[in-house]
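Quick notes on the structure that follows.
Values quoted throughout were computed directly from the atomic coordinates according to the rules given, and no laboratory measurement underlies them. Small disclaimer: the values here were computed from a predicted structure and weren't measured. Counting neighbours? That spans all protein chains shown, and the Cβs are built from the backbone with ideal geometry, glycine included.
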Amino acid sequence: MATRLGGEKTPVSLAAAPARLEYELTAYQDLLLRRATEFRDQRTVTVDSWDDFAAAVATGWARAFHCGGTECEDDIKAATAATPRVIPADGEPEEGTCIRCGRPSAYGKRLVFGRAY
């Protein structure tokens, strides 16, 4: 058996293979989830100004207020290539003004914006 990261080869008996593979796959999934979560958390910023928003979505994600207007969303996308990615179900209730147009937020919480690749 060889690990995907590092390529270490380890002999595994046929009898032990099912249990060992289950363990290794679970450990690998845990590693991938931990790395992805750290990556996301390190690149997600709460912003209140347009300049901070544009900088955040250039390299990651931004938590910002949005008015919910299609025209405003289109304007944000044209300027930054970012779109709302999620309205967090567990997001803290907050009131504020749209990051782009200044109208009141339509969601009562911040949305997560990011660019699609």
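Reducing the range 59-117 and the range 1-28 to their Cα centroids gives an inter-centroid distance of 43 Å.
For the chain, what is the calculated [θ] at 222 nm in deg cm²/dmol (nearest 500), taking -39500 (n - 2.57) for each run of four or more DSSP H residues and dividing by its residue count? Working shown, then result.
On the way: 3 runs with 47 residues, N = 117.
That calculation yields -13500 deg cm²/dmol at 222 nm.
The protection proxy used here, the mean number of other Cβ atoms lying within 10 Å of each residue, ranks peptides 55-64, 84-93, 7-16 as follows, highest first: 55-64, 84-93, 7-16.
Order the peptides 104-115, 39-50 from the highest to the lowest mean number of other Cβ atoms within 10 Å of their residues.
On the way: 104-115: 18.1, 39-50: 13.1.
Going from most to least packed, we get 104-115, 39-50.
If R0 is taken as 22 Å, the Cβ-Cβ distance between THR83 and ARG34 corresponds to a FRET efficiency of 0.20. Fully extending the segment from TYR117 to GLU94 would add 5.3 nm, taking 0.36 nm per residue of separation and subtracting the current Cα-Cα distance. Note on the chain: dipole from Cβ charges, positive end direction compared against THR10, GLY102, ALA62; the farthest Cα belongs to THR10. If both residues of a DSSP beta bridge must be in the chain, then about 75% of such bridges are antiparallel.
Potential lengthening of the chain between THR70 and ALA17 amounts to 13.7 nm, from the contour at 0.36 nm per residue minus the alpha-carbon distance. Of THR26, THR80, THR97, the sequence from fewest to most neighbouring Cβ atoms within 10 angstrom is THR26, THR97, THR80. Rounded to the nearest 0.05, the FRET efficiency derived from the C-beta distance between TRP50 and LEU25 at R0 = 35 Å is 0.20.
Given Cβ point charges of +1 (Lys, Arg) and -1 (Asp, Glu) and nothing else, what value in debye, to the nearest 20, does the dipole of the chain about its Cα centre take? All intermediate terms of the calculation are to be shown ahead of the outcome.
On the way: 15 positive and 17 negative charges, 87 e Å.
For the chain, the charge dipole is close to 420 debye.
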